[in-house]
Structures are given as C-alpha cells and as structure tokens.
Amino acid sequence: MGDVTIGLLHPGEMGAAVGQCLAAAGHEVLWVPDGRSAATRKRAAEAGLDECGWAEMAARSDVIVSVCPPASALDVARAVAGTGFGGLYLDANAISPATAGEVAGIVTAGGASYVDGGIIGTPPVAPGFIRLYLSGDRAGEVRDLFGGTAVDARLVAPPGSASAVKMAYASWTKGSAALLLTARALARAEGVESALLEEWGISQPGLERRSAAANESAAAKGWRWVGEMGEIAAAMAAAGLPEGFHRAAAEVYGRYSAGAEALG
C-alpha cells in the first residue's frame, strides 16, 4: 500500500503510539472523539491524529485499526460493521483466537476484510519497544503500512495465530506477575515479608525489584488486565489446558484500582 487513510479506534496509550507511527509514515490517521476523555483527546492531538465522526471514518478509511480493552473488541467490531465499512479491518486487541474468530465474523459479514493482530511491547514510540504480530490473507498489506516505522510488524500463520502469540506471551508476563504479587501478599499477611525478601536476595536476586515493579504496574493499570486474563483463560481452556492460573490472575488484578495497592 502507498499512503492510505487509516481509522484508529481508540487512541489510548498504546493506540496513540501505534497511530503516531502511522502518521509519521505519511498516512492520514483519523479517530472518533465522541465520548472520549480529555486525556484521550490530548494523546490524539500529540500523535498527529485527525478528528472525525463515525460515518466519515467509515467513508474515508481504507483501513480501520481497533486497539481497545479486550472486553470492548466485539462492540467496536459491531460498531464498525454497522457503518457499512468495506475496507480492511485490523483487530490488534489482547483477545483469544476464539474471540478473534467472532470479530472476524462480525466485520466480514459487514463487508470488510479482516486481519488478526497482537501487540507486544510498551510505549513510548521507539525502535524495539513494540512488535505487532499479524495473521490473515491480507496481513502483508498491514505490515507494509508500518514500513520504516518504530513498530516491528511480523507475519505469523495461519489466520488467528497473531492472537495466539499474544495470549501465550501475556500468559507468562502478566500471569507470573500476578503470582509474584500474591506470594508477597501472603508473606505480608503472615508477618514474614522481611524474611521472604531476605531469602529472595539470597536465592532469587532481582525478584524483590520485579515484585515492586509488578505492584506499581498493577496499581496503575491492573484493572485493564482483568479482561485480558479472562481471554487467556478461555484460550487455555480451548487448548485443553488448565484455565485456573489466569482466572486467579484476573481476580488478583481485579483487586486493584488505579493508583491503589489492593493486596496485603
């Protein structure tokens, strides 16, 4: 693809980073501000995104990219399908392969083509921070949109594999962080936290630092990971694997609210 018009739903922290890369590559990137917060508007403006309405986005966009909380992925897909959008739809959300299949069914029934995506990494926009896994018949077209940008777009096969990569990856990163938080909370509840930290210093160097970082991240945005842990649990169950690990992780993150420690 050459320079194209891209609709982005929605410019949260990660979505804005992806949108900024696309805009910097010379593409026009649109977003819908209806019902969005002042913080989202600020991120979108700083990323160089252009405001428009739903109908205008559907009419003007060659590609629509969905980057939203997992629980909203199906609703966003339905909203786009309802506009009559007939271009290329990229779902880049942390959803199970089964949910990705539902999204694909919704958007293709509405007349669009579908590409499955999974984002691994963190903002800011800098080389090496974000990898975008893509699968589907038109995944190569989406990869080309990111040519020369800080997003490392990678193809995996068959269709649905991008979501599978994301689920497997996050099952460890966020799942193990939840277990670490729980272990330290147990030690705190039993009055042996100092002994545990001393033992970690002897036999598990770096684990205290990692637990502190996990707590900081969970306090700031753990509530956003509850749905992702549910999607991972569903993916595990569908593969005939235990889902309890990540049902528990969802409970751990559900005890956090932005800026507050919830365990211990």
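The values are calculated or read from the model by the stated rules, or taken from the named source; none is laboratory data. Owing to the predicted nature of the structure, the values given are computational and were not obtained by experimental measurement. Methodologically, a virtual Cβ is constructed for each residue, glycine included, from the backbone with ideal geometry; neighbour enumeration extends over all protein chains shown. With ligands, DNA and RNA removed, areas are computed over all heavy atoms of the protein, side chains included. Shrake-Rupley method; radii C 1.70, N 1.55, O 1.52, S 1.80 Å.
Sort out for me the Cα centre separation of region 135-156 from region 79-104, rounded to whole Å.
Cα centres, region 135-156 to region 79-104: 17 Å.
At 222 nm, what value in deg cm²/dmol follows for the chain if DSSP H runs of at least 4 each add -39500 (n - 2.57) and the sum is divided by all its residues, to the nearest 500?
The helix contribution divided over the chain gives -16500 deg cm²/dmol.
Of the peptides 216-225, 48-57, 64-73, how do they stack up when ordered by the mean number of other Cβ atoms within 10 Å, highest first? All intermediate terms of the calculation are to be shown ahead of the outcome.
Details: 216-225: 18.9, 48-57: 16.7, 64-73: 21.3.
In descending order of packing, they fall as 64-73, 216-225, 48-57.
What's the carbon and sulfur percent of the chain's accessible surface, probe 1.4 angstrom, rounded to a whole number?
Percent of accessible area from carbon and sulfur atoms in the chain: 55.
Let me check something: with ligands and nucleic acids excluded, how do 161, 194, 37 order by accessible area (1.4 Å probe), largest to smallest?
The ranking, largest first, comes out as 194, 37, 161.
Calculate, for residue 198 and residue 239, the FRET efficiency according to 1/(1 + (r/R0)^6) with r their C-beta to C-beta distance and R0 41 Å; round to the nearest 0.05.
Taking R0 as 41 Å, the efficiency between residue 198 and residue 239 is 0.55.
Give me, ordered by chain and number, the residues 5 or more places off residue 30 or on other chains with an amide H under 5 Å from its own placed amide H.
6, 7, 8, 50
Computed over the Cα atoms of region 188-263, what is the convex hull's projected area averaged over all directions, in nm²?
If you wrap the Cα atoms of region 188-263 in a convex hull and average its projections, you get 5.9 nm².
Once phi is turned into ³J(HN,Hα) by the Karplus curve 6.51 cos²θ - 1.76 cosθ + 1.60 with θ = phi - 60°, what whole-Hz value does each residue of region 58-73 show in order, with x for glycine and proline?
Karplus-based 3J(HN,Hα) across region 58-73 equals 4, 6, 9, 7, 7, 9, 10, 10, 9, 10, 8, x, x, 5, 9, 4 Hz.
Of the options 172, 150, 187, report the single residue whose Cα projects farthest towards the positive end of the charge dipole of region 150-197 (beta-carbon charges: Lys, Arg +1; Asp, Glu -1).
Of the candidates, 150 comes out farthest on the positive side.
What accessible area per residue, rounded to a whole number of Å², is obtained for the chain using a probe radius of 1.4 Å? Intermediate results must be reported in sequence, preceding the final value.
Working: 11860 Å² over 264 residues.
Result: 45 Å² of accessible area for each residue.
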